[in-house]
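Student: The structure's right below; bear with me while I get my questions together.
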Amino acid sequence: MNRDSLQAYGDLANDIQEIFATEQEIHNRVSAIGAAISRDYAGKDVVLIGVLKGVLCFMADLVRTITIPVEVDFISISGYSAKEPFHGVVRFVKDVEVPVENRHIIFVEDVVDTGLTLNYLLRNLRARNPASLEVCTLFNKPDRRLIEARIKYTGFDLPDFFVVGYGLDHRERYRNLPFVGILKPGALLNKRGPK
């Protein structure tokens, strides 16, 4: 996607410093991951579990590339802010609804960053006795890792940039961009999403 075709996205595109992954590059990687999952889990009882909202685009495209039967569910979490008394605590806003026990779970993330939240969520899911539990992420940020994270399927390794698009947001904006772009520093400071 060149700069001219970005203009269709108006102000959103003006905030992009550089495109990190084009729509076609994302499509190619998601298709490759879907093919690998289809091969690796043939004949198994598989559930994909994603974390809302950032994983929405990735999960939708990934499911359409998988050629074996799978179920899909989502969780939603909220972390307390620094101003709240339980800083660093993650709480479930929405938990999984499908049974997990004795099933092969693929935990799908948009970005694996420090690994802290991922570690908490995986411990929670392991306590429910799945047959197996693996991680699939579109973007891996190994330079930011604080806790080791074992990831079976990775789309892209991402340097320590703030990226948006393809479901990733900044203050609830930019999710609708079909590519992933590096946000200009000024956009990080100045833009505000809906109240």
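Student: Using only the alpha-carbon atoms, how far is helix 56-65 inclined from the longest principal axis of the chain? Give it as 0 to 90 degrees, nearest 10.
Tutor: The answer is roughly 60 degrees.
Student: On to the next question. Considering only the chain, what is the antiparallel percent among its DSSP beta bridges, to the nearest 5?
Tutor: If we restrict to bridges inside the chain, about 35 percent are antiparallel.
Student: For the chain, what is the charge dipole size about the Cα centre, in debye to the nearest 20, if Lys and Arg each add +1 at the Cβ and Asp and Glu each add -1 at the Cβ?
Tutor: 420
Student: Could you please tell me the mean projected area of the C-alpha convex hull for segment 116-180, averaged over all directions and given in square nanometres to one decimal?
Tutor: Hull-based average projected area comes out at 5.4 nm².
Student: If you don't mind, another one. Percent relative contact order of segment 128-175, based on C-alpha pairs within less than 8 angstrom and at least six residues apart?
Tutor: Here the relative contact order equals 30 percent.
Student: Next up: With every protein chain left in place, what is the accessible area per residue of segment 19-155 in square angstrom, probe 1.4 Å?
Tutor: Normalised by residue count, the accessible surface of segment 19-155 is 51 Å².
Student: Next up: Rank I77, I49, T65 by how far each Cα sits towards the positive end of the charge dipole of the chain (+1 on Lys, Arg Cβ; -1 on Asp, Glu Cβ) and give me just the farthest.
Tutor: I77
Student: Right, next: Considering only Cα-Cα distances, which of the following residue pairs are longer than 26 Å: K152/K184; K141/K184; K53/K184?
Tutor: K152/K184
Student: Now a separate question. Relative to the longest principal axis of the C-alpha atoms of the chain, give the angle of the C-alpha long axis of helix 116-126, reported between 0 and 90° and rounded to the nearest 10°.
Tutor: 20
Student: Another question about this same structure. Any chance you could give the angle, 0 to 90 degrees and rounded to 10, that helix 23-40 forms with the longest Cα principal axis of the chain?
Tutor: Once rounded, one gets 10 degrees.
Student: Pairs of alpha-carbon atoms within less than 8 angstrom and 6+ residues apart define the contacts here; what relative contact order does the chain have, in percent?
Tutor: Answer for the chain is 23 percent.
Student: How large is ³J(HN,Hα) for each residue in segment 8-18, as worked out from phi by the Karplus curve 6.51 cos²θ - 1.76 cosθ + 1.60 (θ = phi - 60°), to whole Hz, x for Gly and Pro?
Tutor: Listing the rounded values in order: 4, 9, x, 4, 4, 5, 5, 8, 8, 7, 7 Hz.
The values are calculated or read from the model by the stated rules, or taken from the named source; none is laboratory data. All values reported here derive from a predicted model rather than from experimental measurement. So basically every Cβ, Gly included, is an ideal-geometry build from the backbone, and we count neighbours across all protein chains shown. We work out accessible area using only protein heavy atoms, side chains counted, and drop any ligands, DNA or RNA first. Shrake-Rupley method; radii C 1.70, N 1.55, O 1.52, S 1.80 Å.
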